[in-house]
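Let me begin by presenting the structure, written as structure tokens, before commenting on it.
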Amino acid sequence: MKNQKSKIKNQKLKIKEKKQSSYEGLQGNVRALKTPRIEVWKNQYPDKEYAITLDTSEFTCICPKTGLPDFADIRIEYSPAEYCVELKSFKLYLLFYRDVGIFHEHLVNRILDDFVSACCPRWVKISGVFNPRGGITTSVRAQWPESKNA
């Protein structure tokens with residue numbers, strides 16, 4: 001009986017090992033990354049609701065699986081409340097990712113978290129359109145406050 005239970009346990013372990021992706025553990029520290037600070041300046045029109053769009057077509061990061069560079073267009077649309085984002089610091093923030101292995105989905109969500117933390121906008125929408133990898137273009141969108149129709 002013990003032998004049979006041991007065999008079943010070993011089979012379950014083998015099945016579990018097969019289900020694990022080779023990507024396991026590559027992104028465990030995404031939320032703990034120490035990124036450059038995004039600086040802000042005081043909005044002189046906090047009573048007005050208006051939108052600001054930031055675009056960059058020169059974004060790069062690293063594929064955590066292959067170590068090859070990923071290229072993307074990043075677009076941020078936001079409505080400032082008390083603070084606006086200072087562009088030079090934001091550029092340096094984005095350059096930080098040039099040497100970071102990060103999945104596209106994690107990247108967009110991490111930028112969203114850091115952006116909201118820095119300037120507390122009324123709302124923000126962030127999108128990343130990544131150049132094709134293996135013939136597939138990846139587009140990721142996230143927004144705050146969260147909505148079911150991001």
Item to check | Criterion violated by Arg98 - all others in (1) surrounded by 14 or more Cβ atoms within 10 Å (Cβ to Cβ); (2) touching a strand residue (DSSP E or B) at 6+ places or on another chain (Cβ under 7 Å) satisfied | outcome: (1)
Item to check | Selection status of Ser57, in contact (Cβ under 8 Å) with a residue 40 or more places away in the chain and of a type outside the set (A, V, I, L, M) | outcome: no
Next on the checklist: I'd like to know if segment 2-13 contains one or more residues that are surrounded by 10 or more Cβ atoms within 10 Å (Cβ to Cβ), farther than 30 Å from Phe71 by Cβ, among the aliphatic types (A, V, I, L, M) and at pLDDT below 65.
Outcome noted: yes
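Taking the condition within 21 Å of Arg141 (Cβ to Cβ), touching a strand residue (DSSP E or B) at 6+ places or on another chain (Cβ under 8 Å), loosely packed, with under 14 Cβ neighbours inside 10 Å and among the charged types (D, E, K, R), does Asp55 pass?
On the way: within 21 Å of Arg141 (Cβ to Cβ): yes; touching a strand residue (DSSP E or B) at 6+ places or on another chain (Cβ under 8 Å): yes; loosely packed, with under 14 Cβ neighbours inside 10 Å: yes; among the charged types (D, E, K, R): yes.
For Asp55, the condition - within 21 Å of Arg141 (Cβ to Cβ), touching a strand residue (DSSP E or B) at 6+ places or on another chain (Cβ under 8 Å), loosely packed, with under 14 Cβ neighbours inside 10 Å and among the charged types (D, E, K, R) - is met.
Output yes when any residue across segment 114-135 is outside any strand (DSSP E or B), within 12 Å of the chain's Cα centre (by Cα) and closer than 20 Å to Cys61 by Cβ, and no when none is. Spell out how you get there, then give the answer.
Here is the first cut: in segment 114-135, the ones outside any strand (DSSP E or B) are 114-122, 134-135.
Still in the running and within 12 Å of the chain's Cα centre (by Cα): 114-115.
After this cut, where a residue has to be closer than 20 Å to Cys61 by Cβ as well, the list is 114-115.
Within segment 114-135, one or more residues are outside any strand (DSSP E or B), within 12 Å of the chain's Cα centre (by Cα) and closer than 20 Å to Cys61 by Cβ.
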Next on the checklist: Tell me yes or no: at least one residue of segment 101-112 is out of contact with any helix residue (DSSP H, G or I) (no Cβ under 7 Å at 6 or more places or on another chain) and basic (Lys, Arg).
Outcome noted: no
Checklist entry - With respect to Ala142, is the statement that it is without any contact (Cβ under 8 Å) to a residue 40 or more places away in the chain, crowded, with 16+ Cβ neighbours inside 10 Å and within 13 Å of the chain's Cα centre (by Cα) true? => result yes
Next on the checklist: Being of a type in the set (D, E, K, R) and part of a loop (DSSP other than H, G, I, E, B) is the requirement here; does Glu146 meet it?
Outcome noted: yes
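The values are calculated or read from the model by the stated rules, or taken from the named source; none is laboratory data. As the structure is a prediction and not an experimental result, all values here were calculated from the model. Note: ideal-geometry Cβ built from the backbone for every residue, glycine included; neighbour counts use all protein chains shown.
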